[in-house]
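The values are calculated or read from the model by the stated rules, or taken from the named source; none is laboratory data. Quick caveat, the model's predicted, so the values are computed rather than measured. Remember, those area values only see protein heavy atoms, side chains included, never the ligands or the DNA or RNA. Shrake-Rupley method; radii C 1.70, N 1.55, O 1.52, S 1.80 Å.
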Amino acid sequence: MARLFSPRQPPSEDLFYETYYSLSQQYPLLLLLLLIVLLGLLALFPVAWASGRELAADPAFLTTVLCALGGFSLLLVLASREQRLQRWTRPLSGLVWAALLALGHSFLFTGGVVSAWDQVSFFLFVIFTVYAMLPLDMRDAITAGVTTSLLHLLVLGLYLGPQPDSRPALLPQEHLLLSILPAYLAREMKEEIMARLQAGQGSRPESTNNFHSLYVKRHQGVSVLYADIVGFTRLASECSPKELVLMLNELFGKFDQIAKEHECMRIKILGDCYYCVSGLPLSLPDHAINCVRMGLDMCRAIRKLRAATGVDINMRVGVHSGSVLCGVIGLQKWQYDVWSHDVTLANHMEASGVPGRVHITGATLALLAGAYAVEDAAMEHRDPYLRELGEPTYLVIDPWAAEEDEKGTAGGLLSSLEGPKMRPSLLMTRYLESWGAAKPFAHLSHVESPVSTSTPLPEKSLSSFSPQWSLDRSRTMRALDEELDTGDAKFFQVIEQLNSQKQWKQSKDFNPLTLYFREKEMEKEYRLSALPAFKYYAACTFLVFLSNFIIQMLVTNRPPALTITYSITFLLFFLLLFVCFSEHLMKCVLKGPKMLHWLPTLSVLVATRPGLRVALGTATILLVFVMAITSLVFLPAASACPFQAPNVSSMASNLSWEIPGSLPLISVPYSMHCCVLGFLSCSLFLHMSFELKLLLLLLWLTASCSIFLHSHAWLSDCLIARLYLGTLDSRPGVLKEPKLMGAASFFIFFFTLLVLARQNEYYCRLDFLWKKKLRQEQEETETMENLTRLLLENVLPAHVAPQFIGQNRRNEDLYHQSYECVCVLFASVPDFKEFYSESSINHEGLECLRLLNEIIADFDELLSKPKFSGVEKIKTICSTYMAATGLNAASGQDAQQDAEQSCGHLGTMVEFAVALGSKLDVINKHSFNNFRLRVGLNHGPVVAGVIGAQKPQYDIWGNTVNVASRMESTGVLGKIQVTEETARALQSLGYTCYSRGIIKVKGKGQLCTYFLNTDLTRTGPPSATLG
């Protein structure tokens, strides 16, 4: 019952391969089988006429052949439609098998006396073709073969009584990466990395004049939105780490949903600042309207939040339209970003805006085309940047603001229901949970890799078949079945396009005549490829030889020469099998003398040496050929038949089947059957070339026909004379004459095996081609997965990436971590703002950005040094570089250590800041600039986490981060400014700091700050400069 109601498993690639094999290979073989049977039936007429028989005199023969022609012609018509065969494979195959059985038994009782050896070759042909040419699985083929043999024996046994002489002898990380970087950018990065790997170069490409790669493009006609949550800093100080990360994820998750609805792309999250762009990566005509609508929706969401919780927060939004440079810079921790004067203007529009309103420029207003009413915003005096520009700005009037205010007043507060004692942060967190924002990377937990990334089929059309096998339990069984049926339908459509006959004619990899690969190197590789299965081919050939031996020992008088010949042949076969299977005797051989330890290498030598394989295979087949007719070789070419003498009376019927000096007459048809088995031995070596098989089959056909139709034809005539002794008509029908039916069997098996050899040659080569392409695709897939992992680990910190990469990713909950002592660095190049310009000479700012990319990339190269392994890059904000140390420590570990040990990484950060300054000096020397670094440091507790479902981002928050940012923004060029607490910690580590004095810090009031003396290394005892 559990199995009955369990979900249906998706079809495996092996099942698809077997299905493809069954339909594409055996479909043409079925048609060829029917054609061979029809041609064989038609050939009986000229054979009967050439032998001097009158067809009208044998109505049973004529009726049987004509009925067979009609029946098999009808089967050929039914099988000529491949779609019909796909639907009725087993029934149609069963009809063909039944028709062959009926034809064989009809031949038994047509044209003369029924003998034990009648139609053995035909039933052997039925058994062979059921396995080799009908589209049946192994179980059905074995069942049909055994049934065929038993029916033949049963019919002959019932008719003749006991006859002792008649014995028949087939990439999750990508989704994660594309959720962080745009597809075109990720593809460009992968292609360049692949190009470097193939060229065997280092970290820098060949043709960029020693510049680092710049993944930046210019886009015109975009709108930039900046939004800041007013009052969030105070609220965040009251939150626990889990509450803070949950609150940020819910807020920014809601903003991501709004951005998706209005076709905006979120660029980055800077603390509680959110900014996005509309018109990237594809241009949109309504980009300005999209950003304004999004800004209004963000303000409404915050108003609803404030009305429901009573928490005093608001939203300030600024929008500007223009052009941007977009992409990533640096070498590590890539984050998609935008740069331009228009981006800077949008940032200032937000900073000088009004809480709860959307602040837009004249450029954006012109693109709105009257979609929204606006009012003038005379607030330029609040921002020097806007005041310097002197352009008017506007506030958008929200048409729904008045109605929402009335609903919010009437609705009451959630705080009144929860109680007055609940903290505002907890109250807000509970309300935000009702929004149901998706967790970072949550959409990846139910995504499986598509089947098509590693499909072995060589045609591009298979790319259309890539069903996503969802594991969503909410879907019904019927839905799963419909999806699987749809996938099967798509697969069979692809199979129809990959019909083997079409490939045979149209394949670009093969020569349609010789089937050789068009590429000489591939042809050479195919011919020199190893063949471990050769030993099994040899073993099967030995079974055919053994069958011939048993038949001849039973039906001949076993002359001494024949016994000696078979003894020698058995010795040769055992030697061949020992060589082929010697590797399986390794354990036994290694225990013996050392002089025999080389024997196991013989099988490896045979499997890997094509020339040796061809020689052994050819010798084995020829050995079977020769032994199949050895009993006839020792006989005289012609002899007198006692049953053909004119004076033989009716008492001659009591004569024996023996001929003096010759074989028993009953051995003649069985010798023909041995020759047929010799034909089959040639088909057992699957990977033998078609040309060699054709040569061997022609040789054997010529030899067999020469023996039974010419040199030893008298034996067949003598057997007929013995069977029809004393009857009025001494000539049987054509179906009962051994030499004629023997020759017909030889020709039928010759053409059948020739067709199979041609088909097998094609599929052996196609299998080699598929495996080669599959290996290449697997290598490419593995390479791309490694590249994807490399890129992802370059986006997420090393200790965070395992949370989201791999099969055991733990993304059911938000990732958050609190740290007691983290040193945060902000290092900026303020002079770059003056250096940046947009003109046609520098490609609208692109060349300026190239220099910034060099600066950031050189900074990133420092992170690869062992002494800076503890430094974690967080992000870059325009020309500001943010990093931290102490994030790779386990949570709570710092609290268990003393202050000196827990904050020992502060020294690493100081050394890193000094190294940044040295790097910038080198860049100045080569670029003829005079950039200087402004650095701010602070240490203390922080909260780290990953937020945002649409574009997950790792970040750190807390008062420590805010103060570090202020240390940089209020600092001095060429100096490292730190807080008093950080100065004391650095002094305990041996660094010298001197006081700057009391300065005013935005949001923090009056703070006493210090400059780090970077000209000195550690001085040992603490300095007295800190009083």
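K268 sits with roughly 0 Å² accessible to a 1.4 Å probe, with DNA, RNA and ligands left out of the calculation.
Take S965: with every protein chain present and a 1.4 Å probe, its accessible area is about 40 Å². Rounded to the nearest Hz, the phi-derived 3J(HN,Hα) couplings of region 355-368 under the Karplus curve 6.51 cos²θ - 1.76 cosθ + 1.60 (θ = phi - 60°) are x, x, 10, 9, 9, 10, 8, x, 5, 5, 4, 5, 7, 6, where x marks glycine and proline.
Taking amide H as placed 1.01 Å from N in the peptide plane, T1009 has its amide H under 5 Å from the amide H of R996, G997, I999, each at least 5 places away in sequence or on another chain. In terms of its C-alpha gyration tensor, region 663-717 comes out oblate, because a/c is 1.5 or above while a/b does not outweigh b/c.
Considering only protein heavy atoms, with the full assembly of protein chains and a 1.4 angstrom probe, order E782, E872, E980 by accessible area, largest first. Kindly include the intermediate steps, with their values, before the conclusion.
Numbers: E782 110, E872 25, E980 55 Å².
The ordering from most to least exposed comes out as E782, E980, E872.
Beyond a 20 Å Cα-Cα separation, which of these cross-linked pairs lie in this structure: K268/K865; K190/K217; K535/K693? Numbers along the way, then the final one.
Working: K268/K865 28 Å; K190/K217 17 Å; K535/K693 18 Å.
Where the Cα-Cα span goes over 20 Å, the pairs concerned are K268/K865.
Once you order the gyration tensor axes a ≥ b ≥ c over the Cα atoms, which shape class does region 222-370 get: rounded for a/c under 1.5, otherwise prolate or oblate by comparing a/b with b/c? Cα axes put region 222-370 in the oblate bin.
Backbone amide hydrogens, once placed in the peptide plane, bring L270 within less than 5 Å of Y275, excluding anything fewer than 5 places away on its chain. E981 sits with roughly 120 Å² accessible to a 1.4 Å probe, with DNA, RNA and ligands left out of the calculation. 3J(HN,Hα) along region 607-621: 6, 9, 9, x, x, 5, 5, 4, 5, 5, x, 5, 4, 5, 5 Hz, from the Karplus curve 6.51 cos²θ - 1.76 cosθ + 1.60 with θ = phi - 60°, whole Hz, x for Gly and Pro. Each residue of region 979-992 is assigned a 3J(HN,Hα), and the resulting list reads 7, 5, 5, 5, 4, 5, 5, 5, 5, 5, 8, x, 9, 9 Hz, derived from the Karplus form 6.51 cos²θ - 1.76 cosθ + 1.60 (θ = phi - 60°), x at Gly and Pro. Here's how it looks for L280: its modeled amide H is under 5 Å from those of M265, which are all 5 or more places away or on a different chain.
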